[in-house]
Amino acid sequence: MPAAVTMPPELDQHDFAVLARKELDGRVRLRLLALAHLREGKRPRPVGAMLKVHEKTVLKWLRRFRSAGVAGLAEQPGGGAKRRLRTAQEAELKALVARAQAHRAGGSLTGLEIRRWVAEQFGVRYSLSGLYHVLHRAGLSWISARSKHPQRDPDAQEAFKKTLPSR
């Protein structure tokens, strides 16, 4: 039989059922419901069974409530892989790509070129798909307008458009 769980006195200061009804985040709502059941005197194992989580998860939520109150039940930041480029570096990369594209005579930049620049400038290596995620986050798109030939003549193009027979 598991050891008895002592309920913190702060548990009686909150109406978790009301808080759960107001909560928009489903995960936090589930945690609030678990604490509502614990407040009613139910044990962690049946509460976990009702909410389809393990009883250790219910105990973890109770520990988080003890240490930080209701705010401790919110989602904690820091899950997932960390970004290799900081936000300032991503802004710098965006400016670098925009400058390079503006000075380019024809064609567009390729992901391989940008990938090489990132490795040289920031010392960070990306796969091509990873780089495209970074560019997307920076507001850049690999889909661009059609490139302009460096030997084009805009006046000749306009003259051609005017002499083109209409349909």
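Only the coordinates and a few stated rules stand behind these numbers; no lab work does. What you see is a predicted model; the values in this text were computed from it and never measured. For neighbour counting, all protein chains shown are included, and Cβ atoms are generated from backbone atoms with ideal geometry for every residue, glycine included.
Can you compute the modelled spin-label distance between Ser141 and Glu113, with each label point 7 Å from Cα toward Cβ, in nm?
Taking the two extended label points, one gets 2.0 nm.
Please tell me the relative contact order of the stretch 87-143 in percent, rounded to the nearest whole number, where contacts are Cα pairs under 8 Å and at least six residues apart.
Here the relative contact order equals 38 percent.
Test of understanding: given the chain, find the longest segment containing no GluC sites (Glu not before Pro) that are in a DSSP loop and have at most 11 other Cβ atoms within 10 Å.
After excluding every exposed loop site, the longest remaining stretch is 76-167.
Under the Kirkwood approximation applied to all pairs of distinct alpha-carbon atoms, what is the hydrodynamic radius of the stretch 53-97 in Å?
After inverting the pairwise mean of 1/r, the radius is 13.6 Å.
Normalised by the empirical 2.2 N^0.38 Å for globular proteins, what value does the Cα Rg of the stretch 87-143 take?
Ratio of Rg to 2.2 N^0.38 Å for the stretch 87-143: 1.03.
If each DSSP helix of 4+ residues adds -39,500 (n - 2.57) and the sum is divided by the residues in the chain, what number results at 222 nm, nearest 500 deg cm²/dmol?
Mean residue ellipticity at 222 nm (helix-derived): -16500 deg cm²/dmol.
For a quick check of your reading of the filter: which trypsin sites (Lys or Arg not before Pro) in the stretch 1-49 sit in a DSSP loop and have no more than 16 other Cβ atoms within 10 Å?
Counting only loop positions with at most 16 other Cβ atoms within 10 Å, the trypsin sites (Lys or Arg not before Pro) in the stretch 1-49 are Lys42.
Mean-square fluctuation check for the chain, GNM, Cα pairs under 10 Å: which of Arg43, Arg63, Arg152 is largest?
Highest fluctuation among the options: Arg152.
How high is the FRET efficiency between Ala100 and His149 when r is their beta carbon distance and R₀ equals 25 Å, given to the nearest 0.05?
That pair, Ala100 with His149, gives E of 0.85.
Among Val134, Leu51, Leu35, which residue has its Cα furthest toward the positive end of the charge dipole of the chain, with +1 on Lys/Arg Cβ and -1 on Asp/Glu Cβ?
Positive-most Cα among the choices belongs to Leu51.
Based only on the alpha carbon positions, what is the Kirkwood hydrodynamic radius of the chain, in angstrom?
Computed over the chain, the radius equals 21.6 Å.
Enter the angle in degrees (range 0 to 90, nearest 10) between the Cα long axis of helix 128-137 and the first principal axis of the Cα atoms of the chain, meaning the one along which they spread out most.
Once rounded, the angle reads 80 degrees.
Let's see if you can work this out: charge +1 on each Lys and Arg Cβ, -1 on each Asp and Glu Cβ, no other charges. What is the dipole magnitude of the stretch 1-158 about its Cα centre, in debye to the nearest 20?
640 debye
Give the shape of the stretch 9-73 as rounded, prolate or oblate, defined through the alpha-carbon gyration tensor: a ≥ b ≥ c are the square roots of its eigenvalues, a/c under 1.5 means rounded, and otherwise the shape is prolate if a/b is larger than b/c and oblate if not.
In terms of gyration-tensor shape, rounded.
Give the relative contact order (percent, whole number) for the chain; include only Cα pairs under 8 Å separated by 6+ residues.
13 percent
State the extension gain, in nm to one decimal, for the chain segment bounded by Leu11 and Thr87, taking 0.36 nm per residue of separation less the distance between their alpha-carbons.
Going from the current span to full extension adds 23.3 nm.
Rounded to the nearest Å, what's the spacing between the alpha carbon centres of the stretch 55-121 and the stretch 1-50? Just the number, please.
Taking the Cα centre of the stretch 1-50 as reference, the centre of the stretch 55-121 is 34 Å away.
Which listed residue (Gly69, Val124, Gly79) has the Cα farthest towards the positive end of the charge dipole for the stretch 48-157, taking +1 on Lys and Arg C-beta and -1 on Asp and Glu C-beta about the Cα centre?
So the residue we want is Gly69.
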